[in-house]
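Chemist: Dropping a structure here in structure tokens format, bear with me for questions.
The values are calculated or read from the model by the stated rules, or taken from the named source; none is laboratory data. Given the structure is predicted, the values throughout are model-derived calculations rather than measurements. For neighbour counting, all protein chains shown are included, and Cβ atoms are generated from backbone atoms with ideal geometry for every residue, glycine included. To get the accessible areas, we keep the full protein, side chains included, count just its heavy atoms, and leave off ligands, DNA and RNA. Shrake-Rupley method; radii C 1.70, N 1.55, O 1.52, S 1.80 Å.
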Amino acid sequence: MEPLAVGHLFPDYLNIYADRGNIAVLSARAEWRGYRLEVQPLGAGAEISHGEHDLFYIGGGQDREQALIAPELASLGPALCEAFEAGAAFLAVCGGYQLLGRYYRDQSGEELPGIGLLPLHTVAGSRRMIGDVLLECELEPGARRTLAGFENHAGQTILDPGAEPLGRVVSGFGNDGKSGYEGCRRGRAIGTYLHGPLLPRNPWLADWLLAQAVAHRTGDLPVFEPLRDELEQEAHAVSARRAETRGGRN
Ligand code: GLN
């Protein structure tokens, strides 16, 4: 089978809290199932051809880095949204998540343009929301799972009415510290505030994203054989315990 093509957006600017580790996990878990991941860095002026990429990834960053790349990312917006409509999967973390919405108004009050792929907008508040997070998710009906990670953001993300959150906050702040929800899911696109990086301690989500990428490439959603994820599950349990000892929603 052809390799799975991953477009890594602005990796030199948006890579806070080892978010690049998410790509390492996707590459390893793909290889363990007999797929090869080809990762292409996409920066200013990148060419994005129709159907070329099966998955796009964008990490987190401080307001400064976001301001540096937002106009260039917005110029790639039409091609990225077209790829989404054609079935490509997306994972966007924190600063990258914010820029997949309509806009991010940063702490200086500057409104950074987003690409409008996710139904939301974000406004930076005075309080930084920092700490371990535990979520309950149900990406597929009946498949209730937990996600554990670490958040550090001033941005308060407001989902549009009817938009699907990624999960319900069990412990932590989540999108805005008030709604009780975190992240956003739209079809094969996932946006979240969870760093850590996210995927090493949440292997089920890595496999879900890989399956979406394979489905884009082949037209069929694969059912992967389970891997021996003892280490990953222990990392998840440690992160979940830290979030739970932090106490309920803030
Ligand atoms: N700069 C954004 C905020 O403060 C995103 C931070 C991040 O990516 N960790 O909300």
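Chemist: Do we find a residue being open to solvent by less than 60 Å² (accessible area, probe 1.4 Å), within 16 Å of the ligand (Cβ to nearest atom) and under 24 Å from Arg242 (Cα atoms) anywhere in region 157-169?
Modeler: Yes, because at least one residue in region 157-169 is open to solvent by less than 60 Å² (accessible area, probe 1.4 Å), within 16 Å of the ligand (Cβ to nearest atom) and under 24 Å from Arg242 (Cα atoms).
Chemist: If you go through region 15-26, how many residues are over 10 Å from Leu210 (Cβ atoms) and modelled with pLDDT of 95 or more?
Modeler: Residues in region 15-26 being over 10 Å from Leu210 (Cβ atoms) and modelled with pLDDT of 95 or more: 3 in total.
Chemist: Assess whether Tyr103 counts as being of a type in the set (Phe, Trp, Tyr) and buried (at least 24 other Cβ atoms within 10 Å of the Cβ).
Modeler: No; evaluated as a whole, the condition is false for this residue.
Chemist: Here's a follow-up. Run down Ala24, Ala124, Ala92, Ala28 and say which single residue is under 21 Å from Leu194 (Cβ atoms) and open to solvent by 50 Å² or more (accessible area, probe 1.4 Å).
Modeler: Ala24
Chemist: Output the number of residues of region 1-21 satisfying the condition of being open to solvent by 60 Å² or more (accessible area, probe 1.4 Å) and over 14 Å from Leu91 (Cα atoms).
Modeler: Going through region 1-21 one residue at a time, the tally reaches 5.
Chemist: Wholly within region 154-214, which strands (runs of 3 or more DSSP E) include no fewer than the required count, namely at least 2 residues that are touching a Pro at 6+ places or on another chain (Cβ under 9 Å)?
Modeler: In region 154-214, the matching strands (runs of 3 or more DSSP E) lie at 184-186.
Chemist: Kindly provide the set of residues from region 127-146 that are touching an Asp or Glu at 6+ places or on another chain (Cβ under 8 Å), hydrophobic (A, V, I, L, M, F, W, C) and buried (at least 16 other Cβ atoms within 10 Å of the Cβ), ordered by number.
Modeler: Within region 127-146, Met129, Val133, Leu134, Leu135 qualify.
Chemist: Now, a different point. Among (1) small (Gly, Ala, Ser); (2) more than 16 Å from the ligand (Cβ to nearest atom); (3) surrounded by 15 or more Cβ atoms within 10 Å (Cβ to Cβ); (4) under 22 Å from Asn175 (Cα atoms), where does Ala215 come up short?
Modeler: (4)
Chemist: So which residues in region 218-232 are surrounded by 13 or more Cβ atoms within 10 Å (Cβ to Cβ) and farther than 23 Å from Glu2 by Cα?
Modeler: Asp229, Glu232
Chemist: Here's something else I'd like to know. Restricting attention to region 98-112, does a residue exist that is under 16 Å from the mean Cα position of the chain (by Cα) and part of a helix (DSSP H, G or I)?
Modeler: Yes, there is a match, as at least one residue in region 98-112 is under 16 Å from the mean Cα position of the chain (by Cα) and part of a helix (DSSP H, G or I).
Chemist: Here are Gly61, Gly77, Gly109: which of them is open to solvent by less than 10 Å² (accessible area, probe 1.4 Å) and closer than 27 Å to Asp160 by Cα?
Modeler: Unique residue meeting the criteria: Gly77.
Chemist: Show the residue pairs that are 6+ apart or on different chains and have beta-carbon atoms under 6 Å apart, the first residue being within region 84-108 and at positive phi, the second being in a loop (DSSP other than H, G, I, E, B) and near the ligand (Cβ under 7 Å from one of its atoms).
Modeler: Cys94/Gly60
Chemist: Given the condition at pLDDT 95 or above, over 17 Å from His236 (Cβ atoms) and aliphatic (A, V, I, L, M), answer yes or no: does some residue in region 166-186 qualify?
Modeler: Looking for residues that are at pLDDT 95 or above, over 17 Å from His236 (Cβ atoms) and aliphatic (A, V, I, L, M), one finds none in region 166-186, hence no.
Chemist: List, please: which pairs have Cβ atoms under 8 Å, are six or more places apart or on different chains, and start with a residue in region 177-201 that is free of Cβ contacts under 8 Å to residues at least 24 places away in the same chain and end with one that is buried (at least 19 other Cβ atoms within 10 Å of the Cβ) and in a loop (DSSP other than H, G, I, E, B)?
Modeler: Correct list of pairs: Ser179/Pro165; Tyr181/Pro165; Tyr181/Leu166; Tyr181/Gly174; Tyr181/Asn175.
Chemist: Condition check: of a type in the set (Phe, Trp, Tyr) and either at pLDDT below 95 or part of a helix (DSSP H, G or I) (or both). Does Phe90 satisfy that?
Modeler: Answer is no for this residue.
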